[in-house]
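J.: First the structure, which I've put down as structure tokens, then a few questions once you've had a look.
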Amino acid sequence: MDVHESGEMYLEAILVLSKRSGFVRAVDVGEYLGYSKPSVSRAMGILRKGGYIQTDKDGAIQLTDTGRAYAEKIYERHTLLSRVLMQLGVQEAVAVADACKIEHAISDESFQAIKRHCGKA
């Protein structure tokens, strides 16, 4: 299953929140992203059906191995692209916002080239 940009945003949010507290609920994801409860509920259903997340009886959301790999890929793109843009003199808030847009559109080939250029490959 191909994950769309919004799905990538949800997976990345779940990863970030799980690193912060270890326990992630749909309401936490909604607050983090600023999305409505129905939107989050729909997205969680799609991600669960796609095998990217699991939820337990307490409502805790956990990334599956596939979901974690996908989320880590997007998070790596976000952090590296933000850092590169800031190193180029872009203000942090702008760099983070732009990196968020770029991370979903950039090809694996181009991102790997940036990583190599930055000495991160």
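The values are calculated or read from the model by the stated rules, or taken from the named source; none is laboratory data. All values reported here derive from a predicted model rather than from experimental measurement. We place every Cβ from the backbone using ideal geometry, glycine too, and count neighbours over all the protein chains shown.
Matching residues to (1) among the β-branched types (Val, Ile, Thr); (2) in contact with a helix residue (DSSP H, G or I) (Cβ under 8 Å, 6 or more places away or on another chain); (3) exposed (fewer than 15 other Cβ atoms within 10 Å of the Cβ); (4) at pLDDT 95 or above:
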site: ARG20; (1), (2), (3), (4): no, no, yes, no
site: PHE23; (1), (2), (3), (4): no, no, yes, no
site: SER36; (1), (2), (3), (4): no, yes, yes, no
site: LEU47; (1), (2), (3), (4): no, yes, no, yes
site: TYR52; (1), (2), (3), (4): no, yes, no, yes
site: ALA60; (1), (2), (3), (4): no, no, no, no
site: THR64; (1), (2), (3), (4): yes, no, no, yes
site: GLY67; (1), (2), (3), (4): no, yes, no, yes
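J.: Within the range 1-18, take every residue that is farther than 16 Å from GLU31 by Cβ and among the charged types (D, E, K, R) and give me the one that is modelled with the lowest pLDDT. Explain how you work it out, then say what you get.
T.: Quick first cut of the range 1-18, residues farther than 16 Å from GLU31 by Cβ only: 1-8, 11.
Filter once more, so that each one left must be among the charged types (D, E, K, R): 2, 5, 8.
Working: ASP2: 63, GLU5: 83, GLU8: 92.
Out of the qualifying residues, it is ASP2.
J.: Pairs under 7 Å by beta carbon, first residue loosely packed, with under 12 Cβ neighbours inside 10 Å in the range 94-121, partner among the charged types (D, E, K, R), six or more apart or different chains?
T.: ALA121/LYS115
J.: Continuing with the same structure: Of all the helices (runs of 4 or more DSSP H) wholly in the range 4-85, which have at least 1 residues that are under 20 Å from ALA99 (Cβ atoms) and within 12 Å of the chain's Cα centre (by Cα)? Let's see the steps before the verdict.
T.: Working: elements: 5-21, 26-33, 37-49.
Result: 5-21, 26-33.
J.: If you take the residues in the range 1-10 that are touching a helix residue (DSSP H, G or I) at 6+ places or on another chain (Cβ under 6 Å) and either under 9 Å from TYR75 (Cα atoms) or charged (D, E, K, R) (or both), which one is surrounded by the fewest Cβ atoms within 10 Å (Cβ to Cβ)?
T.: GLU5
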